[in-house]
Amino acid sequence: MSKLAFQTTRDLVPVSLLTAHRRADEAIRFGMGVSARGFNIFASGPSMARLPSALRRLLTEMPSEGKALADWVYVNNFAEPHRPASLALPPGRGVPLQRSMRKLIEDLRATLPALFESEDYQRRRSAIDESFRGKTQAVFEALSKKAASVGVAIVRTPMGFTVTPLDKGEIVDPDVFSKWPVAKKEEVRQAIAKIEAEMEQSLQAIPRLQKERGEAVRALDNETANFAIGQEIDELRRLFSDLPQLIEYLEAVRADLTQHVQLFLAQPEGGSQERLDAMQLGHPLERYDINVIVSNKSDGPSPVVEELNPTIGNLLGRVEHVSFQGALITNFRMIKAGALHRANGGTIIIDAGSLLTEPFAWPALKRVLTRQEIVIEDLAHIVGFASTAMLEPQPIPLRLKVVLFGERWIYYALARLDPEFRKHFKVLADFEDELDRSPESEALMARLLGGIAKDADLRPLNRSGVEATLERVARLTDDAAKLSLLVEHIQDLITEADRVAAEANHELIRREDIESAIAAQRHRAARLEEHSRDMILRNLAMIASDGTRIGQVNGLSVIDLAGHSFGHPSRITARVAPGGGKIVDIEREVELGGPLHSKGVLILSGFIAGRYAQDVPMSLQASLVFEQSYGGVEGDSASVAELCALLSALASIPLRQDIGVTGSVNQHGDVQPIGGVNEKIEGFFDICAARGLTGRQGVLIPDSNVQQLMLRQDVVRACADGKFSVYPMRNVDEALSLLTNMKAGERNSDGHYPPGCVNAAVVERLAKFAAARKALAASQGR
Amino acid sequence: MAGPLQYRRLVLETGERLPLHTLRMAGDLAGALGLNMVGVSSDDSNLLELTRVALLRELRLPGHDWQPLDAQRLLTERTLLTEQTKRLIAEEATARGVSCAFDDNNDSLSASDIAVFTRPFWDAQRFLIEAAWSSRVGCNSTGSAIVLVPSAPAQASRLVAAIAEAEEDDPATSIGMRLVSATGDDLVILRPPAPMSVANLIRLLEQRLRPRRERLVILPPGTEARQIAAELADRRNSSVLVPS
């Protein structure tokens, strides 16, 4: 903070989060600058680091050089309606085209009926009809006259015609006919046969005449329609003369309009309401509509689209259906854009975790990236459930950058399990969890805090508020030398502190507001922590904080429950006896110990054998246990404590119970760092403080963990006042010395430990065990 | 609004095919004038009698196949056609909110009837002897008003032309006003040409209505109008109404 002069964060220029993630920032800029296939980006980092907002801000601010932005529309494919055609238009031209087409249809709805109703059209139409009528009239007049001349008549029946004899100009009475002589009947029969044949011939000519008439009417209709349609289409062509890709479609519209002019003539005359209805689903004229699925501004930036719900439909688009007269129907107007359509020409940001949990979405995205075109896939068809009419929209070329973000394990899991992953996502943008703490990074964080407060419309922080926040930010890393970049946590804290400040009528967020917010956060989550401490204080969970005892030590562990961590002392005990050199890890025996804990215990065997059993066989049977532990035990951070308990038991030297121990040990007895050191110290301190600080109590921690100490102020004060101590240790001998108040002892030149030290007592006890086993074996004749 | 009309029934023949545009025109008139839609069936016993002449055959359409003239089949087909037409009339009456009735034994008309006929377009009815009601009654129905609907009417329009001497107290004007007030059509009242011929009427309509075209021409009552009604309907492709 010394690097930055300010009174409040209002004085600071806000800074992007990505400034703190230099590695990721460079990777993203690199990925965005490479247009080659496959150079998509996977941004990995913890979810609390707010990757999406950082990505969105960076990508939005990046210049969009060389991006081919376009409006995309789907239009009817008149030849194959189930395969709608896609058209790319310059940005901002899609909606005007749609508007123009709708206007064209509305104009034609008015002009075509008027044209076909006009006197000019009707006169020509009547002429055609009259011509046909004349031809049929001539045919049947001649037939009728001929029939009458041979004494027969043609009579209509419900389904056709019959030829019947006439008697004195009237249809013959059947009774009269039956009395006619045979010769007359035969004459009539021949006349009937002749007229029947001619009637059949005449009737067969009717369809041909009808066809001729139909063709003549159609030609007239086309000519009439073309007059109006041609003017409208030509006008549209003029409007969009700079778009050659539209010409073919407009010509298809012209042909289809001419062919389907009856669609306009069947519409009732009406007002604007009826005209609007023309574009309703199911209306015959909707075939001429333009479905604008992507509309960009002509001077707008490259789109940056974040898809929060990356289902296959939301990504690739979908074809919707509506119920119409009891059936599910669809057409090109029901094609809905997906996020890939909207982001085409720009960037799409997708949560990898959500993507992978959506059925079929990940394989679909890979297919799109492989084909470099967006093909709308229907989920029902993929799973074989489709029973409705489907469309096959023409694919749309894909030109965009995909940025996935997610936890690191997702990146590594994909890289390991999916051979195609690296082919499509060649750029890793690895976000940091934390920053090295320095005056520069503190200054950066202060500006970041200012930006967070400003963006969230919170009070600015004053200098003390920033300092308190930075302490907390460091504490979040469990390392005094680091600053956390988990922005979500930081914003939560400032938000809560803002409320505290508001209640206290503070215009700025101060240190006390931050501390109150932290205390409140801990209090809300501390029910189990307090319950655990209460159990110890009531001696239901037995943890001694004074006195000494052989083979017993206070180990320290950390419990992390949904982000709330607290230290928890555990009593570790060891018992020894002569045996075959085996150390029994009771936790492992009952399957409560994890593999790392078991590893730690096995390391103890190696250490003891290596240090104490060089000359005699390991004749030790030992057992180690976390007393009153009924859950799983994992990790090796208790291995120093376990080793001390074991050596205490072997040496029969009591250990101090007012010291808590944490640290792992290797086979040479060197103490190694552990995690959660602050919580562990504070957990033991809380027990001691509740029982009364004696000045002798304290915690043994690995020396290498000292740099990470970020202890609570009350712990720091107690240490400063000499009421509590934090002891660093580099090896197990230092721990033994402190815990036993004796020297651990070092081997002298003859290889023996000096008498009166802990190690000498251990060696002596192991020798006794070996002798006892030897004697026992001799007595049993082995 | 015009005064009360004398018409009570709108009559259609059930034994013939009833084109949809004829049904709609009948429905428009029945709904507008508040008429009862009545289906009548003409006597076709003569046709059935002919089946007794053994040598007669029937050319059946549209397949153009010859079959013996069979009484039972003729009866069945006639019945089916009649039932279908009755159903269409009943549905139209329901849609128009008017009552509906059928009379299979009486096809006579009176002055309180408006009889609706479809003009044949190509078929040979006008030149062949037949028992059809439309041919038998048609324009010759002096007792009732008649409506002749063309076989292929001109493009649907919303214009009605009434040929009348006066704008009030004239049967054509009265019917026209009632019709357009119910349907929302436009009404144009034109003075009758002299003489009342088809050519003069067509000239009058072209001159006065252009560029629009009427869907219905209401002529003045009288024998003169009845004589030219069919030709006018055929040449204008418009419906023609002649009051009784």
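The values are calculated or read from the model by the stated rules, or taken from the named source; none is laboratory data. A quick note: this is a predicted structure, and the numbers were derived from the prediction, not measured. Don't worry about glycine lacking a Cβ; one is built from the backbone with ideal geometry, like all the others, and counts go over all protein chains shown. Accessible surface areas use protein heavy atoms only, side chains included; no ligands, DNA or RNA. Shrake-Rupley method; radii C 1.70, N 1.55, O 1.52, S 1.80 Å.
Quick notes on this structure:
- Any chance A:Val139 is over 30 Å from B:Ile202 (Cβ atoms), of a type in the set (A, V, I, L, M, F, W, C) and either exposed (fewer than 14 other Cβ atoms within 10 Å of the Cβ) or more than 7 Å from chain B (Cβ to nearest Cβ) (or both): no
- Residue check for B:Ser141: crowded, with 16+ Cβ neighbours inside 10 Å, away from chain A (no Cβ under 14 Å) and modelled with pLDDT under 85: yes
- Cβ pairs under 6 Å, 6+ apart, first in region A:29-40 and over 22 Å from A:Ala54 (Cα atoms), second open to solvent by 40 Å² or more (accessible area, probe 1.4 Å): A:Gly38/A:Lys423; A:Gly38/A:Lys426
- Note on region A:2-45: residues that are of a type in the set (Lys, Arg), farther than 23 Å from A:Gly345 by Cα and either modelled with pLDDT under 85 or part of a loop (DSSP other than H, G, I, E, B) (or both) amount to 1.
Yes/no matrix, rows are residues, columns are (1) open to solvent by 40 Å² or more (accessible area, probe 1.4 Å); (2) in contact with a Cys (Cβ under 6 Å, 6 or more places away or on another chain):
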residue: B:Met37; (1), (2): no, yes
residue: B:Asp44; (1), (2): no, no
residue: B:Arg57; (1), (2): yes, no
residue: B:Gly63; (1), (2): yes, no
residue: B:Gln67; (1), (2): yes, no
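- Taking helices (runs of 4 or more DSSP H) as the structural unit, those lying wholly within region A:569-674 and holding at least 3 residues that are in contact (Cβ under 8 Å) with a residue 40 or more places away in the chain correspond to A:595-612, A:639-651.
- Members of region A:727-741 found to be open to solvent by less than 40 Å² (accessible area, probe 1.4 Å) and assigned to a strand (DSSP E or B), listed by number: A:Met729
- Residues of region B:24-70 classified as modelled with pLDDT of 90 or more, part of a helix (DSSP H, G or I) and aliphatic (A, V, I, L, M), total: 6
- Contact annotation: residue pairs with Cβ atoms under 8 Å, 6 or more positions apart or on different chains, pairing a residue in region A:238-251 that is among the β-branched types (Val, Ile, Thr) with a partner that is part of a helix (DSSP H, G or I), are A:Ile247/A:Arg237.
- Criterion violated by B:Gln6 - all others in (1) under 30 Å from A:Ala193 (Cβ atoms); (2) surrounded by fewer than 22 Cβ atoms within 10 Å (Cβ to Cβ) satisfied: (1)
- Some residue of region A:706-718 being in contact (Cβ under 8 Å) with a residue 24 or more places away in the chain, assigned to a strand (DSSP E or B) and within 21 Å of A:Pro673 (Cα to Cα): no
- Residue check for B:Leu232: closer than 24 Å to B:Gln6 by Cβ, assigned to a helix (DSSP H, G or I) and within 12 Å of chain A (Cβ to nearest Cβ): yes
- Checklist (1) assigned to a loop (DSSP other than H, G, I, E, B); (2) of a type in the set (S, T, N, Q); (3) within 14 Å of chain B (Cβ to nearest Cβ) applied to A:Asn77, failing item: (3)
- The residue that is farthest from the chain's Cα centre (by Cα), among those in region A:133-186 that are part of a loop (DSSP other than H, G, I, E, B) and not hydrophobic (A, V, I, L, M, F, W, C), is A:Pro181.
- Residue list for region A:587-612, filter: modelled with pLDDT under 85, surrounded by 18 or more Cβ atoms within 10 Å (Cβ to Cβ) and not charged (D, E, K, R): A:Leu592, A:Gly593, A:His597, A:Gly600, A:Val601
- The listed residues are B:Leu74, B:Leu61, B:Leu47, and the only one of them that is within 8 Å of chain A (Cβ to nearest Cβ) and within 19 Å of A:Ala197 (Cβ to Cβ) turns out to be B:Leu61.
- Of all residues in region A:236-263 being within 24 Å of A:Ala219 (Cα to Cα) and of a type in the set (Gly, Ala, Ser), the one that is surrounded by the most Cβ atoms within 10 Å (Cβ to Cβ): A:Ala252
- The C-beta contact set for region A:742-755 (first residue farther than 16 Å from A:Ala613 by Cβ and assigned to a loop (DSSP other than H, G, I, E, B), second residue open to solvent by less than 50 Å² (accessible area, probe 1.4 Å) and at pLDDT below 90, distance under 9 angstrom, 6+ apart or interchain) is empty.
- Candidates A:Arg56, A:Arg93, A:Arg124, filtered to the one that is of a type outside the set (A, V, I, L, M) and within 14 Å of chain B (Cβ to nearest Cβ): A:Arg124
- Note on region A:444-501: residues that are small (Gly, Ala, Ser), over 30 Å from the mean Cα position of the chain (by Cα) and assigned to a strand (DSSP E or B) amount to 0.
- Hey, B:Ala111 more than 14 Å from chain A (Cβ to nearest Cβ) and outside any loop (DSSP other than H, G, I, E, B) or not: no
- Flag for B:Thr22 being away from every other protein chain (no Cβ under 11 Å) and open to solvent by less than 30 Å² (accessible area, probe 1.4 Å): yes
- Inspection of region A:458-473 finds no residue satisfying the criterion of being in contact with a Gly (Cβ under 6 Å, 6 or more places away or on another chain), at pLDDT 90 or above and open to solvent by 50 Å² or more (accessible area, probe 1.4 Å).
- Region A:191-207, residues that are open to solvent by 10 Å² or more (accessible area, probe 1.4 Å) and either over 13 Å from B:Arg60 (Cβ atoms) or among the polar types (S, T, N, Q) (or both): A:Ala191, A:Ala193, A:Lys194, A:Ala197, A:Glu198, A:Gln201, A:Ser202, A:Gln204, A:Ala205, A:Pro207
- The residues of region A:502-511 that are in a helix (DSSP H, G or I) and without any contact (Cβ under 8 Å) to a residue 24 or more places away in the chain amount to a single one, A:Glu503.
- Scanning region A:194-237 for residues that are over 20 Å from A:Phe116 (Cα atoms), touching a residue at least 60 places away in the same chain (Cβ under 8 Å) and among the polar types (S, T, N, Q) returns A:Ser202, A:Gln210.
- Once region A:165-190 is narrowed to residues that are over 20 Å from B:Asn46 (Cβ atoms) and more than 9 Å from chain B (Cβ to nearest Cβ), the residue that is surrounded by the most Cβ atoms within 10 Å (Cβ to Cβ) is A:Glu187.
- Tally of residues being buried (at least 19 other Cβ atoms within 10 Å of the Cβ) and over 20 Å from A:Val305 (Cβ atoms) across region A:25-45: 3
- Check on B:Ser174, part of a loop (DSSP other than H, G, I, E, B), open to solvent by less than 30 Å² (accessible area, probe 1.4 Å) and either farther than 30 Å from A:Gln204 by Cα or modelled with pLDDT under 80 (or both): no
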